[in-house]
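Read-outs throughout are calculated quantities, based only on the coordinates presented, and are distinct from any laboratory measurement. Everything numeric in this text was worked out from a predicted model, so none of it was measured. Cβ atoms come from the backbone with ideal geometry, glycine included; neighbour counts cover every protein chain shown.
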Amino acid sequence: MSATDALSPSKLAALRAVAIVLIPGDDRSPAAESLTDLEDLLQRAATAIGAERASLHNAIAMLPDGVTWDSIGKFADDEPVAFELISTVVAGAYFMSPIVLKSLGYPVGPRSAPPFDLAADELSSGVLAPVLERGRTYVLPDPPEGDPPQAPPRQSSSNPPSLRAGSSLADVVEPRNRREPWSKTT
Amino acid sequence: MDRESTDVLVIGAGPSGSVAAHTLASRGFSVVCLEQGDWINPGDLPGAKPEFELLIRNTWSWDPNVRGRAEDYPVNVDEADPPPTMFAAVGGSSVIYGAHWMRLLPSDFRIRTLDGICDDWPITYEDLAPFYDEVDRFLGVSGLSGDPAIPKREFPMPPLPMGPAGMQMASGMNKLGWHWWPGSNAIPSWPFKHMAQCVRWGVCERGCPAGAKASFDIGYWPHATGAGAQLVTGARVARVTVNKRGLADGAIWFDQEQAEHRIRAKAVVLAANAVGTSRILLMSDPDGLANSSGLVGKRLMTHPNGCVIGLYDEELETWNGPAGQLMYSLQFYETDPANDFYRGSKWNLMPEPGVLAVLGLFRDLPFEERWGRALHNLSRSAGKALLWYANVDDLPEEENRVTLDPTLADSTGLPAPRVQYRLSENSRRNIRFSIDRMAEAHEAAGAAQTFVGPLIPSGHLLGTARMGDDPRTSVVDRFGRSHDIPNLFIVDGSVMVTAGSVNPTATIAALALRAARHLADTAREQPVAS
């Protein structure tokens, strides 16, 4: 990221103000305000969004003066796209902090290989026994003589379901934009 | 050997191109591979960086149109649901694949015989099995033998652990009496050749920051160049050239400074994926090169992924990989006459390592339930999120196709591909069924909440230059040789007659190995341009 793309002090201050309002602490996780490197994290988060940086600059410019819980809540209602980008950067910065990740139980720092015998321990528990008891389930197109019949039984090709391409996906899945909300089933 | 002439020109340095280049160079042929992308340094990949979830929004997106790198060509996806994904680099899209290492089942090669739909392949599972075995050994694939849902298969490496997440789901699947099996992955269990040991970053599909995944830049290319293959990066092929005798004699390509180059070759191997290979064939001739069948670019299949995520109360350590698949299920793989669709799906269970991804599940909540102290309650579902994905068998449809866009162009000025892809009614029904069953699996495993995800774009690009014995109804023969141009081979997923439901890279690599070996074995009888 070039120097011209970096958040100016005033824009950084605006993001910091949003972070302080949106992310107070609780008994297990720290408040955004308490993170000594919060501004560095915000700057890094703003860089990481790449091509959306211009949109972020515009969104910050739309923020209300004097961010409060009520004013940022109203901003979220009035300018949902701008709020989503700002809040994503703010949350992204917060959850980059090792202190915060540790509070969630996440490992921080270098990773390590799994214990050598972990897979063996898992599989020696007998957890696969029900699967193995079922026997072969795949279909042999030309089963050798004496083999059990194919499983499952086949459907007659005289009445195939429609295989035509075409209509809308709307009743099957969410819109194709993967950033769309997920639909809750339970 | 120089860059002006070679025995074999390979176009594309992804899985199929790397296998072909290695195989042919090892047999003593001079090989030049042209790749539009460049090498990716594992240290540049986003997965080990604290901001990785922000980096994957744009810079490291799966979508070339979002990524917007010069080496990526744009794709017109105005009529594509979902849009295809791909990655231009040495190793191709395997740089960002999950390394789920699955084989087609015997029935996949014979669905005309079994179901009365589509076409049988001209080859069988048994024809391909030795090549599957050979690639498995070369890459150090990890997994557990003995799965009753697939033909006998041995693994060169033991399986990676499933962790508490996999064990949790195993209990649920056993309650339902449904098939599952520990994941088979192209991720060695310990350091192997040029690959490091997996340290479970859980971000395989964003590129392995540890260099522990068998992406083909690591798994094959060092061996291919060691055998003498020459790899030219930043080389975008504009067209395959054909001489007056109707034989392929090389290609015209452009470097990153847009300088034009000509390379001559005795044989040409296309390995640019089902979109890129079609594009090159269509750019090479007004009617499409090797297109007497009229099928070049048609019958694109992509494996759209249905997805259900479960949030659990138990600590599942879903920041740990492999991801990679912790387990897979073939419970609903074969055609079931009780369903209103043909064929089925392959499921893979994956951990969700990202905190922001989990928070995104709650995007519909009112402001006061998402922010403030409420944020901390929501964020504590991180580490407890499991995803079931279903690859559904995507049957070939003539309307799903790749053509050249009349206006959109890449950074070289070459026409961009236009992908027209709509889910068939069969796939829609299959996805709907799979989503319902995956939700049941989560509930049986004790999920506190489940969410249906959006349709996931797929990088499984298959079927636009299918193989067959009849030149009227296929583009290439059973070894990937063009019916029209006998020294032109296609070795990527384009040649697949049907898609199956399994992740296709193992099949693509096996097909490429089989085709390259056939090319080498028959070289003395091979008509060449010069």
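Charge dipole of the protein assembly as shown (Cα centre as origin; +1 on each Lys and Arg Cβ, -1 on each Asp and Glu Cβ, all else neutral): 960 debye, rounded to the nearest 20.
In region A:45-141, a dipole from Cβ-located charges (positive for Lys and Arg, negative for Asp and Glu) runs towards its positive end, and of A:Gly109, A:Val131, A:Val90 it is A:Val131 whose Cα lies farthest in that direction.
Under 22 Å of direct C-alpha separation, and excluding same-chain neighbours fewer than eight residues apart, B:Lys266 reaches these lysines: B:Lys244. Please get the size of the charge dipole for chain B, origin at its Cα centre, with Cβ charges of +1 on Lys and Arg and -1 on Asp and Glu, quoted in debye to the nearest 20. Using only the charged Cβ atoms, the result is roughly 620 debye.
Scalar couplings 3J(HN,Hα) for region B:407-415, obtained by applying the Karplus form with A = 6.51, B = -1.76, C = 1.60 to θ = phi - 60°, are 10, 6, 9, 7, 5, 8, x, 7, x Hz; x denotes Gly and Pro.
First check a/c for region B:194-241, with a ≥ b ≥ c the square roots of the eigenvalues of its C-alpha gyration tensor; if it is under 1.5, answer rounded, and if not, answer prolate when a/b is larger than b/c or oblate otherwise. In terms of gyration-tensor shape, oblate. Dipole of the protein assembly as shown computed with +1 at Lys/Arg Cβ and -1 at Asp/Glu Cβ about the Cα centre; of B:Leu282, B:Gly453, B:Leu395, farthest Cα towards the positive end is B:Leu282.
Could you give P(r) for region B:49-176, binned at 5 Å from zero, as whole percent values over all Cα-Cα pairs? The calculated distribution, bin by bin, is 2, 8, 11, 13, 13, 15, 18, 14, 6, 1, 0. Amide H to amide H, with H built 1.01 Å from N, B:Leu455 comes under 5 Å of A:Glu174, counting only residues 5 or more places away or on other chains.
Neighbour counts of other Cβ atoms within 10 Å put B:His442, B:His376, B:His179 in the fewest-to-most order B:His376, B:His179, B:His442. Close amide H partners of B:Ile117, meaning residues 5 or more places away or on another chain with modelled amide H under 5 Å apart, are B:Arg112. Checking the a/c ratio against 1.5 first, then a/b against b/c, what shape does the Cα gyration tensor give for region B:212-336? Prolate shape, in that a/c is at least 1.5 and a/b is the bigger ratio. Shape call for chain B from the C-alpha gyration tensor, a ≥ b ≥ c root eigenvalues: rounded (a/c under 1.5), prolate (a/b greater than b/c) or oblate? Prolate shape, in that a/c is at least 1.5 and a/b is the bigger ratio.
Every Cα-Cα pair of the protein assembly as shown was included, and the share exceeding 48 Å stands at 15 percent. Remark on B:Leu423: its backbone amide H falls under 5 Å from those of A:Gly166, B:Asp81, a criterion applied only to residues 5 or more positions apart or on other chains, H modelled at 1.01 Å from N. The trypsin sites (Lys or Arg not before Pro) of region B:235-311 that DSSP puts in a loop, and whose beta carbon has at most 15 other beta carbons within 10 Å, are B:Lys244, B:Arg245. Principal-axis analysis of the Cα atoms of chain B puts helix B:15-26 at an angle of about 50° to the longest axis.
Among B:Ile252, B:Pro351, B:Ser26, whose Cα projects farthest towards the positive end of the dipole of the protein assembly as shown, with charges put on the beta-carbon of Lys, Arg (+1) and Asp, Glu (-1)? My answer, from the dipole projection, is B:Ser26. What the phi angles of region A:57-62 give under the Karplus curve with 6.51, -1.76 and 1.60, with θ = phi - 60°, is a coupling list of 4, 5, 5, 4, 5, 8 Hz, glycine and proline written as x. Between B:His194 and B:Asp521, the FRET efficiency from the beta-carbon distance, with R0 = 25 Å, is close to 0.35. Enter the Cα centre distance for the pair region B:393-458 and region A:1-50, rounded to the nearest angstrom. Going from one Cα centre to the other spans 36 Å. Charged side chains reduced to their Cβ positions (Lys and Arg at +1, Asp and Glu at -1) give region B:41-116 a dipole of some 320 debye around its Cα centre. With helices as the sole contributors, chain B gives -7000 deg cm²/dmol at 222 nm; each DSSP H run of n ≥ 4 counts as -39500 (n - 2.57), and the sum is divided by every residue.
Once the Cα atoms are used to define both axes, helix B:163-176 deviates from the longest principal axis of chain B by about 80 degrees. Scalar couplings 3J(HN,Hα) for region B:430-447, obtained by applying the Karplus form with A = 6.51, B = -1.76, C = 1.60 to θ = phi - 60°, are 4, 5, 4, 4, 5, 4, 4, 5, 5, 5, 4, 5, 4, 5, 5, 7, x, 4 Hz; x denotes Gly and Pro. Between the C-alpha center of region B:465-483 and that of region B:106-132 there is a gap of 15 Å. Return one number: the angle in degrees, 0 to 90 and rounded to the nearest 10, between the long axis of the Cα atoms of helix B:273-284 and the longest principal axis of the Cα atoms of chain B. For helix B:273-284, the angle is close to 30 degrees. Pop a pseudo-label 7 angstrom from the Cα along the beta-carbon direction at both B:Asp133 and B:Asn243 and give the gap in nm to one decimal. Placing both labels 7 Å beyond Cα along the Cβ direction yields 4.0 nm. Going from the fewest other Cβ atoms within 10 Å to the most, the residues A:Thr36, B:Thr85, B:Thr505 appear in the order A:Thr36, B:Thr85, B:Thr505. Modelled spin labels at B:Arg112 and B:Lys175, positioned 7 Å past Cα toward Cβ, are 4.5 nm from each other. Estimated from the Cβ-Cβ distance and a Förster radius of 22 angstrom, the FRET efficiency linking A:Glu145 and B:Ile123 is about 0.45.
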